[in-house]
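As structure tokens, the structure follows; a few thoughts come after it.
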Amino acid sequence: MQGSYRRRGLHVLFGLVLLVPRAPAANLPVFRPNDPLTRSGLDHFYNMDYDHAIADLEKVAGEAAPKSQDPFALNNLADCYLVRELYRMGALDPADYLDDRFIGPPKRPAAAAARKKIADILESATAIEEDRLRGKPDDVDMLYARGATRALQSSYSGLIERSWFTALRAAMAARRDHQRVLQLSPAFTDANLIVGTHDYVMASLPWALKTAAAVVGFRGNRERGIEELRTAVNGAGQTSINAKILLALFLRRDGHIDAALGLVRDLLHQFPRNVIFAMQEGDLLRAAHRNEEALTAYQRVWKAGRAGAFPPGDYEISAIRMGDLQRSRQENAEALASYNLLEDARQAQPELRQRALASAGQIYDSQGKSEAAVEKYRAVVAIEGSNEWTELARRRLRGST
């Protein structure tokens with residue numbers, strides 16, 4: 001039981017510190033490194049075009065000999081590889097970070113090649129940072145870079161390797177580095193991101209674990225964490241967009257839905273091609289019980305995706321969200337129409353199509369239309385892959401015989 005509490009209390013810190021998109025080059029005053037190829041790579045990254053992003057960032061990271069390499073370039077590259085792999089694994093839905101779904105097995109396992117690539121890049125960045133800090137222990141830039149590398153290591157250990165205690169140690173080390181940055185340079189607002197996230201998460205632990213953490217010197221404060229994130233947002237530094245995303249998440253967790261919605265709409269205004277922000281708008285509207293507006297937001301995502309505004313494979317979950325919302329309102333005909341949209345979305349993830357088919361089958365079951373339900377359940381099982389939807393379909397098929 002204690003292990004379960006521990007994982008629940010730490011899941012946000014593991015998953016989100018450096019795994020959410022930062023601002024495109026035009027919206028930040030300085031990148032590290034601040035060159036055209038990095039700007040191009042990060043612009044691709046924020047548009048979820050990971051292959052082109054990696055191609056650009058690989059060039060930046062490989063331009064110098066190892067001893068003179070910029071660890072910031074390596075961190076950018078590691079971040080991109082990490083996010084691309086998490087996207088492939090089906091682990092980038094922000095809704096998963098609001099409850100225990102996040103700590104369960106990913107939809108798809110991590111690829112061995114991606115694991116090695118990310119680990120190698122982080123090892124290279126750490127070696128450069130440690131070497132430079134040995135000669136100048138209070139080098140603010142290197143302390144910040146090492147803290148960012150450690151935060152990425154935390155996310156990699158937790159989300160890819162599923163090693164939660166290793167992730168915790170890396171997260172604590174990242175916080176110490178960025179706390180030291182703020183002691184040396186209080187105006188270095190980028191460092192408030194990790195410190196604020198840590199403060200919020202540590203304060204959100206269950207009582208028993210919070211007490212144990214305090215014994216070894218780790219304490220948190222939710223209100224302080226929120227204010228530190230606000231400082232990072234208002235500082236307009238390289239992590240200001242990360243801070244805005246996390247602040248929206250934490251505000252939603254605390255029930256401040258309207259404030260979170262304002263932040264997400266601001267992000268969506270800045271980055272209208274980011275399907276994650278577009279989907280979050282609908283999710284927050286639904287959480288606020290503004291169901292008509294939520295439905296409109298989901299429909300907007302679907303139409304934009306069909307028109308090419310979002311890459312195939314990114315936007316199709318909007319049809320599921322539409323159907324689920326309509327089904328909750330007893331609008332079964334409309335829900336069936338929404339679920340059926342995925343029949344023509346062949347680039348949607350298989351589990352999404354299974355989910356739509358299974359949900360349609362449940363509606364037909366509730367209407368006493370057993371033949372139509374069985375047809376849907378058989379279609380679920382026919383799609384390769386085992387998950388909660390295939391298990392549901394098999395149970396219903398067994399019950400129909």
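The values are calculated or read from the model by the stated rules, or taken from the named source; none is laboratory data. Computed from a prediction, not measured in an experiment: that's the story for all the values here. Cβ coordinates were reconstructed from backbone atoms using ideal geometry, including for glycine residues, and neighbour counts include every protein chain displayed.
See the values below:
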{"read-out": "Residues that are buried (at least 18 other Cβ atoms within 10 Å of the Cβ), among the polar types (S, T, N, Q) and farther than 15 Å from P71 by Cβ, drawn from the stretch 117-174", "value": "S154, S155, S157"}
{"read-out": "Count - residues of the stretch 272-286 that are without any contact (Cβ under 8 Å) to a residue 40 or more places away in the chain and among the acidic types (D, E)", "value": "1"}
{"read-out": "Matching residues, the stretch 258-296, being of a type in the set (D, E, K, R), modelled with pLDDT under 95 and either more than 26 Å from D43 (Cα to Cα) or surrounded by fewer than 17 Cβ atoms within 10 Å (Cβ to Cβ) (or both)", "value": "D266"}
{"read-out": "Odd one out for A382, checked against (1) in contact with a helix residue (DSSP H, G or I) (Cβ under 6 Å, 6 or more places away or on another chain); (2) surrounded by fewer than 18 Cβ atoms within 10 Å (Cβ to Cβ)", "value": "(1)"}
{"read-out": "Among the residues listed as L295, L263, L325, L285, the single one being touching a Lys or Arg at 6+ places or on another chain (Cβ under 8 Å), assigned to a helix (DSSP H, G or I) and more than 22 Å from T197 (Cβ to Cβ)", "value": "L325"}
{"read-out": "Some residue of the stretch 334-343 being at pLDDT below 95 and out of contact with any Asp or Glu (no Cβ under 7 Å at 6 or more places or on another chain)", "value": "yes"}
{"read-out": "Complete set of residues in the stretch 140-157 that are out of contact with any Lys or Arg (no Cβ under 9 Å at 6 or more places or on another chain) and farther than 13 Å from R175 by Cα", "value": "S155"}
{"read-out": "Residue in the stretch 65-73 that is modelled with pLDDT under 85 and surrounded by 17 or more Cβ atoms within 10 Å (Cβ to Cβ) present", "value": "yes"}
{"read-out": "Given (1) modelled with pLDDT under 95; (2) buried (at least 16 other Cβ atoms within 10 Å of the Cβ); (3) in contact with an Asp or Glu (Cβ under 9 Å, 6 or more places away or on another chain); (4) not aromatic (F, W, Y), index of the condition V301 fails", "value": "(1)"}
{"read-out": "Test result for S328, surrounded by fewer than 16 Cβ atoms within 10 Å (Cβ to Cβ), over 28 Å from R273 (Cα atoms) and either modelled with pLDDT of 95 or more or not hydroxyl-bearing (S, T, Y) (or both)", "value": "yes"}
{"read-out": "Residue among E384, E371, E343 that is among the charged types (D, E, K, R) and either part of a loop (DSSP other than H, G, I, E, B) or touching a residue at least 60 places away in the same chain (Cβ under 8 Å) (or both)", "value": "E384"}
{"read-out": "Flag for K244 being of a type in the set (D, E, K, R), assigned to a helix (DSSP H, G or I) and modelled with pLDDT under 90", "value": "no"}
{"read-out": "Qualifying residue in the stretch 89-106 (condition: β-branched (V, I, T), modelled with pLDDT under 95 and closer than 27 Å to N34 by Cβ)", "value": "no"}
{"read-out": "Count of residues meeting criterion [under 23 Å from the mean Cα position of the chain (by Cα), under 26 Å from M142 (Cβ atoms) and touching a residue at least 24 places away in the same chain (Cβ under 8 Å)] in the stretch 47-65", "value": "2"}
{"read-out": "Residue check, R395 among the charged types (D, E, K, R) and outside any helix (DSSP H, G or I)", "value": "no"}
{"read-out": "Members of the stretch 287-332 that are touching a residue at least 24 places away in the same chain (Cβ under 8 Å) and of a type in the set (K, R)", "value": "R321, R327, R329"}
{"read-out": "Residue satisfying all of: in the stretch 175-203; touching a Lys or Arg at 6+ places or on another chain (Cβ under 7 Å) and buried (at least 20 other Cβ atoms within 10 Å of the Cβ); modelled with the lowest pLDDT among these", "value": "M202"}
{"read-out": "Pair list, Cβ < 6 Å and 6+ apart or interchain, from the stretch 173-197 residues that are touching a residue at least 60 places away in the same chain (Cβ under 8 Å) to residues that are assigned to a helix (DSSP H, G or I) and of a type in the set (D, E, K, R)", "value": "A174/R150; I194/R175"}
{"read-out": "Answer residue from the stretch 155-169, given it is over 14 Å from the mean Cα position of the chain (by Cα) and in a helix (DSSP H, G or I) and is nearest to V201 (Cα to Cα) among those", "value": "L168"}
{"read-out": "Search result, residues across the stretch 363-379 that are surrounded by 19 or more Cβ atoms within 10 Å (Cβ to Cβ) and either of a type outside the set (V, I, T) or in contact with a strand residue (DSSP E or B) (Cβ under 7 Å, 6 or more places away or on another chain) (or both)", "value": "Y364, A373, K376, Y377"}
